[in-house]
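Let me begin by presenting the structure, written as structure tokens, before commenting on it.
The values are calculated or read from the model by the stated rules, or taken from the named source; none is laboratory data. Everything quoted here is computed from the prediction, not taken from an experiment. Ideal geometry is used to build each Cβ from the backbone, glycine not excepted, and the neighbour counts take in all protein chains shown. For accessibility, only protein heavy atoms count, side chains too; no ligands or nucleic acids. Shrake-Rupley method; radii C 1.70, N 1.55, O 1.52, S 1.80 Å.
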There are 4 protein chains.
Amino acid sequence: MWYNPTRKIGEKGAGMLRVGIMGARGWAGEELINILISHPEVNISALTARVEKPVRISEIFPHLEGRLDIECEDMSPSEVAKKCDLVFLALPHTVSMKTAPVLLRAGKRVIDLSGDYRLKDKNLYKKWYGSSHASPQYLNRAVYGLPELYRDDIRDAEIVANPGCYPVSIILAVLPLVRKGVVESNSIIADSKSGVTGAGREPSPKTHFCEVNENLMPYKVNSHQHMPEINQELSKVSRNRIQITFVPYLLPLDRGILSTVYMTAKGRITEKALLKLYQEFYKGEPFVRIMKPGIFPDLKSVSRTNFCDIGIRLDGNRIIVLSAIDNLLKGASGQAVQNMNIMYGFPETMGLI
Amino acid sequence: MWYNPTRKIGEKGAGMLRVGIMGARGWAGEELINILISHPEVNISALTARVEKPVRISEIFPHLEGRLDIECEDMSPSEVAKKCDLVFLALPHTVSMKTAPVLLRAGKRVIDLSGDYRLKDKNLYKKWYGSSHASPQYLNRAVYGLPELYRDDIRDAEIVANPGCYPVSIILAVLPLVRKGVVESNSIIADSKSGVTGAGREPSPKTHFCEVNENLMPYKVNSHQHMPEINQELSKVSRNRIQITFVPYLLPLDRGILSTVYMTAKGRITEKALLKLYQEFYKGEPFVRIMKPGIFPDLKSVSRTNFCDIGIRLDGNRIIVLSAIDNLLKGASGQAVQNMNIMYGFPETMGLI
Amino acid sequence: MWYNPTRKIGEKGAGMLRVGIMGARGWAGEELINILISHPEVNISALTARVEKPVRISEIFPHLEGRLDIECEDMSPSEVAKKCDLVFLALPHTVSMKTAPVLLRAGKRVIDLSGDYRLKDKNLYKKWYGSSHASPQYLNRAVYGLPELYRDDIRDAEIVANPGCYPVSIILAVLPLVRKGVVESNSIIADSKSGVTGAGREPSPKTHFCEVNENLMPYKVNSHQHMPEINQELSKVSRNRIQITFVPYLLPLDRGILSTVYMTAKGRITEKALLKLYQEFYKGEPFVRIMKPGIFPDLKSVSRTNFCDIGIRLDGNRIIVLSAIDNLLKGASGQAVQNMNIMYGFPETMGLI
Amino acid sequence: MWYNPTRKIGEKGAGMLRVGIMGARGWAGEELINILISHPEVNISALTARVEKPVRISEIFPHLEGRLDIECEDMSPSEVAKKCDLVFLALPHTVSMKTAPVLLRAGKRVIDLSGDYRLKDKNLYKKWYGSSHASPQYLNRAVYGLPELYRDDIRDAEIVANPGCYPVSIILAVLPLVRKGVVESNSIIADSKSGVTGAGREPSPKTHFCEVNENLMPYKVNSHQHMPEINQELSKVSRNRIQITFVPYLLPLDRGILSTVYMTAKGRITEKALLKLYQEFYKGEPFVRIMKPGIFPDLKSVSRTNFCDIGIRLDGNRIIVLSAIDNLLKGASGQAVQNMNIMYGFPETMGLI
């Protein structure tokens, strides 16, 4: 329906998919560039950022010197539309919702990494993001970009709402249990520790080196804007109303989210049965790895990969699930490229392993 | 009964308390030295470590050059007994239980920072520490050194079992709730993140810089030897059998423990009532600080202090309590000095603020 | 001449020295508070910062809760003058030079931690700090606050220009050699690595955690504003014109400066003779420690101390001197308190060991 | 002469180069695996380490789960020879020199990442590495694997001595100046700061997290075993005897070496002329990037790349050159793969960009 590769996958050439990245200067944008540079099916054809005048991207990111020779410009969405088949929006929330419609009307496909199209309920959006939604007509057309849940819908999506980093780590950790109705709906507690790239690139007192270093800072205790997104998706899967308790923290490191989720089993269960449930549920998933009994995920093992590692332990009827991802990859840009691969019929792991 | 200062507090002189530190080369030993050097009532009169021959302590810790001129020797407990009124044992577990009896029989008082005298049940000790207890007759004479629970008993104790670092952070976080019977006994979950000084000074693959740095590592998931200690103390306070769920982690930083404890309230309660309960419970405690609503503790605010900061949030009937301590101070050596101050009638904060 | 303590040192009471800190919210200000809280001769009687309304200092620095109960206000220098005998200026450069004259005219003594009174030549000041000097009449009355060079002058100074952090580490490293004429004047190269507290508390892209972490960044390569200060002091000591080569770096850590200075000896010399020269030169200095042959300073050994550790190695006629300080202590606030102790006849190490 | 690819580059298949890695468990070995997994011309056909029994490599490195399915065994060199065309030795020094001869005699090509074949003089080897050389007959047949110096010799080498990490960073920094005779031979000072992966994976007190973290540690001050290697290569290029002064440090981070080299120009020179000299000298080099005037390299810009970034500044007749590399890539495993690419006629950047 969308882009139909006539050439054999692996050949570089005129038939390559032209992609644009709006908001190329943030962490997610930079990471998208890193992945897409060596993706064999893709040409990066537009980069935008709020720069005063066009500037070579290697001026902004010196490590791209000699690897990508393209300018980053403060282009309008309609200018971007002319140069691209697919556009990644690595923009702040409230900006994406004004940008995506222009691209969609021009017949382009969009993967939005902001929070703008994740919540289906525009009132909830207003409550948590503080603004009225500018293009609510797309909320229901946007597919929530978690392939483990919506792979088929993603394939044909015109717009994908790429999930938040915390939600990826938490939803993947509990999905098999919620789908199978194994746990009490009101018992889910997520304790999630994140690296600082999750907090955005804008300098602030909270991200000053000396505040973060040698520190662990809880923040937005049970009031983070990723909560309604998690609740929405888990409730949909469970067919019950689920509201999690959620405490996030800033770790003194660059990358990674480790979420520990505590839940109460409805009935008797064994650790062995739990492991089997997870292994079967995620069988064939290229980026979810279930750890052996007694082994638990850590951040360094998933850092700079698109994997989500999951470890499980049972304490009576309390189930403990730990999941680890790289917040910039499976939690953002890697996830987005995985979605792109699905949308265009490329091998799902292309550019990601 | 024990040491009776005839001179006015503050005067340095012959009447000073002579203290020894066995195991002076570990983190806890080093921190004890740091505190006691400037404690106005104390002379450090003996330091021991497994050194081949006597060595000036400033050879081991260059930062002590010009501040403490005493040798560190591989002395026997009976030699130490001759030089000291009070001995701090900063020894590994299973070593303390063979050392303390010698000192006690010589009429000396002991503050043991290992796990050897914390559990009252010798079978539990064997199960969790892997050895039969060598001096079980002292288990019931040892006072659990948490002043917020046992101040009066500490005053006259011959031997104090200084609490574990995780237990301090967790017990102080839930004490008012458990004492007042506010929470369900089986609902307590503690998610505790610790700096690397908590893992001991011995080099190992797990504490290699490149393993810890840019990482967050869960370990001993619900199987840490501090669990029975927490269960013992909370059960005693609650008069019910309490068994917590406990997940500890290694943070990429030197000092501090942040514990987040999740509990279920038995009945209806408000955040305001909770705060009031904590404020009243800890009124007059010199080292426990209750944060204002919406403010939560972080590690840097308690680092290198003996404070325990506590923040509280309510989510329906789920109570979230966060507590932060410096694991080497309120979690070990600072706590030990606080206990010493109580044992000898010194002002409780002396040397600690 | 200035403050005449009638009571015995050590007694707290009405006769205590009243000190103010202007710019209490920066790193240097915070560190001054930390030191002065437990200084037995001093009462902190005024704290200023650009706050909208008076605020308790423990609101700004939670770790001061229960330790210091005083408000921080946006006071004018003349208001501060009424409350203090001595004022520490922990203000940005160009602000101090407008503030100090008001205090001095009110008969108060001043220790300025900015760069405003360090350079004796107002043209040099303009060149390096970008502004004309607002009170050049004080440039020659200000004493450069390095006790190892100017202890006698500091004693009676009305205003002390506290040295820059890099200059302390470099001047102390080469002072004996320059004073004795051992090295070629044009051969001095200083390679200095600093923690991030040296870069100020204002958030900026350069101090964002993710820029500094896992990085080492050279900056102002041979163009740092501390160079003329070093050149001025070394030239004065040497009686020759000295111009050093200077490369500073930002380290991914909070505190400390390690300077390595490379110089060419004029004639033949031995490592043994060098060590002896340093030991004799710094004999009796309470805060300079010369390391044994083959031992070199590191940052952790001086962190949170007022010491400057110096190690020496000879390579043919090339002399290598390494020095380590805590940039917030011997490099700023500790140095300032050492100067205060000298100015008021207190023991020089009081509050600092 | 060696391996003659009959299939078109890019096709995967039976004709792929079979490579082995001996010492797969260290940092260099792990990094080689990371690179070679996605190298289109290579199959990893053997991995060795001192393991008790064969173990899947993903048991050792969990991040390889699902990416490489091969066992790591404690194989003898002759067993390895049967499975491979080319063998990378990521072994400790003194082990390589006993291993390489077996492989070479079996007709295999070898890239040795240890220090065993870098020094041409066996006496020098003994002096600096503490052992007599076990296979000195190969010292002169081994090609020093710095493509910027010896590209043509590498092409046909049977054994490549991959350079040390510090030497790469220092030699590349000064090569144009030494080749052109611009600087005084006895004036070269290298001040080099390295991440901890440079110090090896074996746990030791020096690499304990709490020793390295918040610290900067000089070590082997002017006595590091990389000095004779640097002197040998620079002397050869210069046709004069060169002996550098060298101070290395351990930084609190995982990866990277930043070397600052100070030299004295023989005559008058301008910064512009220097820059031009470097640009021309390194023209066409795929992995050396010369920074613009006023811009200097930092570690994060080269981290996880095979680039060496070089920045230059002039101070009178003193030349300051800063160079940055990733010690595990251009300083070890990336360099080794670059050498492999040259040896087998693959594009030089294959697998590295």
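What to note about this one:
- Cα gyration tensor shape of the range B:84-215, rounded if a/c is under 1.5, else prolate or oblate by comparing a/b with b/c: oblate
- Most mobile of D:P62, D:P136, D:P163 in a GNM of chain D (Cα contacts under 10 Å): D:P62
- Computed [θ] at 222 nm, helices only, for chain D once each DSSP H run of length n ≥ 4 contributes -39500 (n - 2.57): -8500 deg cm²/dmol
- Shape of the protein assembly as shown, Cα gyration tensor, a/c cut at 1.5: rounded
- Per residue accessible area of the range A:141-250, 1.4 Å probe, in Å²: 29 Å²
- Extending 7 Å from the Cα toward the beta-carbon at both A:Q243 and D:N317 defines two label points whose distance is 7.9 nm.
- Among the protein heavy atoms, those of C:K120 account for about 50 Å² of accessible surface (1.4 Å probe, every chain in place).
- Point-charge dipole on Cβ atoms (K/R +1, D/E -1) for chain B, about Cα centre, debye to 20: 980 debye
- Top positive-direction residue, dipole computed over chain A with Cβ charges, set A:S45, A:S114, A:M75: A:S114
- When chain C is treated as a GNM with alpha-carbon contacts under 10 Å, the residue of C:E59, C:E184, C:E73 showing the greatest mean-square fluctuation is C:E59.
- Lysines whose Cα lies under 19 Å from that of D:K53, excluding same-chain neighbours fewer than 8 positions away: D:K83
- Using every pair of separate Cα atoms, the Kirkwood estimate puts the hydrodynamic radius of the range B:100-143 at 10.9 angstrom.
- Chains C and D, summed buried accessible surface - 1.4 Å probe, Å², nearest 100: 3200 Å²
- Gaussian network model of chain D, springs between alpha carbon atoms under 10 Å - residue of D:G198, D:G20, D:G316 with greatest fluctuation: D:G316
- The antiparallel fraction among DSSP beta bridges confined to the range C:165-325 stands at about 75%.
- Spin-label proximity, B:D69 to the range C:266-280 - amide N less than 18 Å from point 7 Å beyond Cα toward beta carbon: C:279-280
- Shortest first, A:N140 label-point distances to identical copies amount to 7.2, 8.4, 8.5 nm, with the label point at 7 Å from Cα along Cα→Cβ.
- Between B:T349 and C:S78, the modelled labels are 3.7 nm apart [label points 7 Å from Cα along Cα→Cβ].
- Sites C:V55 and C:S132 - FRET efficiency at Förster radius 41 Å, r taken between beta-carbons, to 0.05: 0.75
- In the assembled protein chains, C:C308 presents an accessible area of approximately 0 Å² (probe radius 1.4 Å).
- Of the beta bridges in the protein assembly as shown, as assigned by DSSP with both residues counted there, near 45 percent are antiparallel.
- Prolate/oblate/rounded label for the range C:200-353 (Cα gyration tensor, a/c 1.5): oblate
- Assuming charge only on the beta carbon of Lys and Arg (+1) and of Asp and Glu (-1), the dipole of the protein assembly as shown about its Cα centre is about 0 debye to the nearest 20.
- Exposure of C:E211 as accessible area (Å², to 10), given a probe of 1.4 Å and all protein chains: 60 Å²
- Across the identical copies, how the B:G294 labels are spaced - nm, sorted shortest first, 7 Å along Cα→Cβ: 4.5, 4.9, 6.1
- When you restrict to C-alpha pairs under 8 Å that are six or more residues apart and normalise by the size of chain A, the relative contact order lands at 17 percent.
- With all protein chains in place and ligands, DNA and RNA left out, the 1.4 Å accessible area ranks D:R239, A:R255 as D:R239, A:R255, largest first.
- Amide H contacts under 5 Å for A:G331, placed H, 5+ residues apart: A:D326
- Between identical copies, the spacing of B:K53 label points, each set 7 Å from Cα toward the C-beta atom, reads 4.8, 7.0, 7.4 nm from nearest to farthest.
- Just the protein heavy atoms count here, and of the accessible area of the range D:165-325 at 1.4 Å, carbon and sulfur take up 47 percent.
- Links that overshoot a 21 Å alpha carbon limit, given the list D:K127/D:K193; A:K266/A:K330; D:K98/D:K122: D:K127/D:K193; A:K266/A:K330
- Simple spin-label estimate for D:A273 and A:R155 in nanometres, 7 Å along Cα-Cβ: 6.8 nm
- Within the straight-line cut-off of under 15 Å between alpha carbons, the aspartates and glutamates reachable from D:K272 are D:E280, D:D315, sequence neighbours fewer than 8 places apart in one chain being disregarded.
- Listing of the range B:201-246 residues, each with accessible area lower by at least 40 Å² in the full protein assembly than in the chain alone (probe 1.4 Å): B:P203, B:H208, B:F209, B:C210, B:N213, B:E214, B:N215, B:L216, B:P218, B:V221, B:N222, B:T245
- For the rotational copy relationship between B and A, the axis lies nearest to a chain B beta carbon, identified with its distance in whole angstrom as B:D191, 2.
- Residues of the range D:293-321 whose accessible area, computed with a 1.4 Å probe over protein heavy atoms, drops by at least 50 Å² once all protein chains are present relative to their chain alone are D:K300, D:R304, D:R313, D:R318.
- Size of electric dipole in the range A:165-325: Cβ of Lys, Arg +1 and of Asp, Glu -1, about Cα centre, debye, nearest 20: 580 debye
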